[in-house]
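Colleague: Pasting a structure here, questions to come.
Quick note: the coordinates plus some simple rules give every number you see, no bench work behind them. This one's a predicted model, so the numbers in the text were calculated from it and none came from an experiment. Here the Cβ positions follow ideal geometry from the backbone for every residue, glycine too, while neighbour counts run over all protein chains shown.
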Amino acid sequence: MRLGREDAKKVMAISLMSAPPIAFMAFDFMFPNITTPSMNKEMLVMLAVSILAGIPSGYFNSRVDLAMLSVIAYTAIGYILAVVYYSTPFTLYDIELILPGFYYALFFRFTIILLFIFVLGGFMGTVFGQLVRDSMKREATKLSFPPREE
Amino acid sequence: MALLKSAKEHWFSITLYALFSAFFLVAGVLSASTYVSVVRTLDEVFLENASFSADELENGSVEITFSIDLVNPSRYDLKMQSIVWEAFVTNGTSGTGWYIPVGSAYTGPTSYVEVPSGDTKTFSYSSLVSDPETLARLNGLVNYSALEGEHLTLETLPYTHEFYTVAWMGDFKHDYLREMYLNDIVRIQLEYSSEAAT
């Protein structure tokens, strides 16, 4: 897979833009009672938002490999951002408030399920984004070159 | 440059994308801020100014009083789930009946007691011990102390006061049965014991 400078910039931009929904969903999954607005651990809603988050990587990337790379990159960045959200009070206040093993028990325990949903939804979104892009291009081409009237 | 050109070309899609991203970024930051406040509240709320006394009345009864302040400097109102006060004397000299209760009170969630944000609430209790049986046991302890050379009275007996309370922060949901940690995050438990304080 060749990755040019412009491609890398595009992947990075998409990763940064799509990371916040992933971060929020991961955080919300841990604390649905204090987040606003909460998805209440509804897996279908999370899958739907993951699809939405994945659409831009398909829409703005014509190359499938780059689109998939974007999905993996924004999922990773989003999850890291969620860990940052989770750690905020303990970096600002008393670190001893955190129960031993809390990080592992609460945050990393569900990693596989969450990442599966985020990545699967992202890929589905990518496919949808590419379909939309191709369809819009076809429409634009049709409008630019109208069929000649006999 | 090519990226900017492409962004200009797809300005509508980019705007929608930015709004989508910003919405979740704001929601994430707000939620993290709420989380910080919740954790801070767990640390901030405390009990103070506990005071208690025992007064012997002319008719021989004893009036036991207790009061304590619950200080809530947090940004959340505290909804009291249960408030328990108990006063007793322990008589370590006898095997059975070592525990002599002299007062107790319980307030449950249906009383809807609240401690507003930034406020201090004083919980005061009193109990009149006039039951002859309890008084006889207390007097027995007084007499025994005289034999031991301590010369305690009904007013100076070592009454123990215990205060225990559970409260919920704000309006956060807290009826999780399987995921108890979600309840723990928004639950405040405070306790005071005059025995531990002395």
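Colleague: In whole Å and largest first, what semi-axes does the C-alpha gyration tensor of segment A:3-51 yield when each eigenvalue is scaled by 5 and square-rooted? Mind dumping the intermediate values first?
Modeller: Working: eigenvalues 164, 23, 8 Å².
Calculated on Cα positions only, the semi-axes equal 29, 11, 6 Å.
Colleague: So for segment B:86-198, considering every pair of alpha-carbon atoms, how many percent are separated by more than 18 Å? Before the final figure, lay out each step's value.
Modeller: On the way: 4018 of 6328 pairs.
Tail of the P(r) past 18 Å holds 63 percent of the pairs.
Colleague: Work out the mean other chain Cβ neighbour count within 10 Å for the residues of B:10-21 and drop it here as an integer. Mind dumping the intermediate values first?
Modeller: Details: counts 5, 0, 0, 8, 4, 0, 2, 10, 1, 0, 9, 10.
What the average comes to for B:10-21 is 4.
Colleague: Which value in deg cm²/dmol, rounded to the nearest 500, describes the helix-derived mean residue ellipticity at 222 nm for chain B, given -39,500 (n - 2.57) per DSSP H run of n ≥ 4 and division by the residue count?
Modeller: Values: 5 runs with 68 residues, N = 198.
Here the helix-only value at 222 nm equals -11000 deg cm²/dmol.
Colleague: Quick one: what do you get for segment B:2-135 if you divide its Cα Rg by 2.2 N^0.38 Å?
Modeller: Working: Rg = 28.2 Å, N = 134, 2.2 N^0.38 = 14.1 Å.
Normalised by 2.2 N^0.38 Å, the Cα Rg of segment B:2-135 equals 1.99.
Colleague: Can you flag which of A:Lys10/B:Lys8; A:Lys10/A:Lys142; A:Lys9/A:Lys137; A:Lys9/B:Lys5; A:Lys9/A:Lys41 are past 25 Å Cα-Cα? Present the calculation step by step, with values, prior to reporting the outcome.
Modeller: Numbers: A:Lys10/B:Lys8 14 Å; A:Lys10/A:Lys142 28 Å; A:Lys9/A:Lys137 23 Å; A:Lys9/B:Lys5 13 Å; A:Lys9/A:Lys41 33 Å.
Distance filter (> 25 Å) returns A:Lys10/A:Lys142; A:Lys9/A:Lys41.
Colleague: Sticking with this one: So, R0 is 41 Å and r is the distance between the beta-carbons of A:Thr36 and A:Arg148; what FRET efficiency does that work out to, to 0.05? Please report the intermediate quantities before stating the final value.
Modeller: Numbers: r = 57 Å, r/R0 = 1.40.
Here the calculated transfer efficiency is 0.10.
Colleague: Next question, about the same structure. At a Cα cut-off below 13 Å, give the aspartates and glutamates reachable from B:Lys173, other chains included and same-chain residues fewer than 8 away excluded.
Modeller: Hits, sequence-local ones excluded: B:Asp184.
Colleague: Oh, and also: Which residues' amide hydrogens lie under 5 Å from the amide hydrogen of B:Phe46, considering only partners 5 or more residues apart or on another chain, with H built in the peptide plane?
Modeller: It is B:Val71, by chain and number.
Colleague: Just round it to a whole percent: the fraction of Cα-Cα distances in segment A:24-77 exceeding 18 Å. Before the final figure, lay out the partial values.
Modeller: Numbers: 581 of 1431 pairs.
When all Cα pairs of segment A:24-77 are counted, 41 percent exceed 18 Å.
Colleague: Which value at 222 nm does chain A reach when only helices count, each DSSP H run of 4 or more adding -39,500 (n - 2.57), with the total divided by all residues and rounded to the nearest 500 deg cm²/dmol? Spell out each step's value before the answer.
Modeller: Values: 4 runs with 107 residues, N = 150.
Estimated from H runs of four or more residues: -25500 deg cm²/dmol.
Colleague: Suppose every K and R has +1 on its Cβ and every D and E has -1 on its Cβ; what is the size of the dipole of the protein assembly as shown about the Cα centre, in Debye to the nearest 20? All intermediate terms of the calculation are to be shown ahead of the outcome.
Modeller: Values: 22 positive and 36 negative charges, 706 e Å.
In debye, rounded to 20, the protein assembly as shown gives about 3380.
Colleague: Okay, moving on. Rounded to whole Hz and in sequence order, give me ³J(HN,Hα) for segment A:22-37 from the Karplus expression 6.51 cos²θ - 1.76 cosθ + 1.60, θ = phi - 60°, writing x for Gly and Pro.
Modeller: 5, 4, 5, 5, 5, 5, 5, 5, 7, 10, x, 7, 10, 7, 9, x
Colleague: Give the Rg (one decimal place) followed by the Dmax (whole number) of the protein assembly as shown, computed from C-alpha coordinates and expressed in Å.
Modeller: So, for the protein assembly as shown, Rg and Dmax equal 31.9, 127 Å respectively.
Colleague: Here's another thing I want to ask about it. In peptide A:22-35, what is the residue-averaged number of other protein chain Cβ atoms found within 10 Å of each Cβ? Walk me through the numbers before you get to the answer.
Modeller: Values: counts 2, 7, 10, 3, 1, 5, 4, 0, 5, 10, 4, 12, 14, 7.
The mean count of partner-chain Cβ atoms within 10 Å per residue comes to 6.
Colleague: Considering Cα pairs under 8 angstrom that are at least six residues apart, work out the relative contact order of chain A and quote it in whole percent. All intermediate terms of the calculation are to be shown ahead of the outcome.
Modeller: Details: 166 pairs, mean separation 53.1, N = 150.
Over chain A, the number comes to 35 percent.
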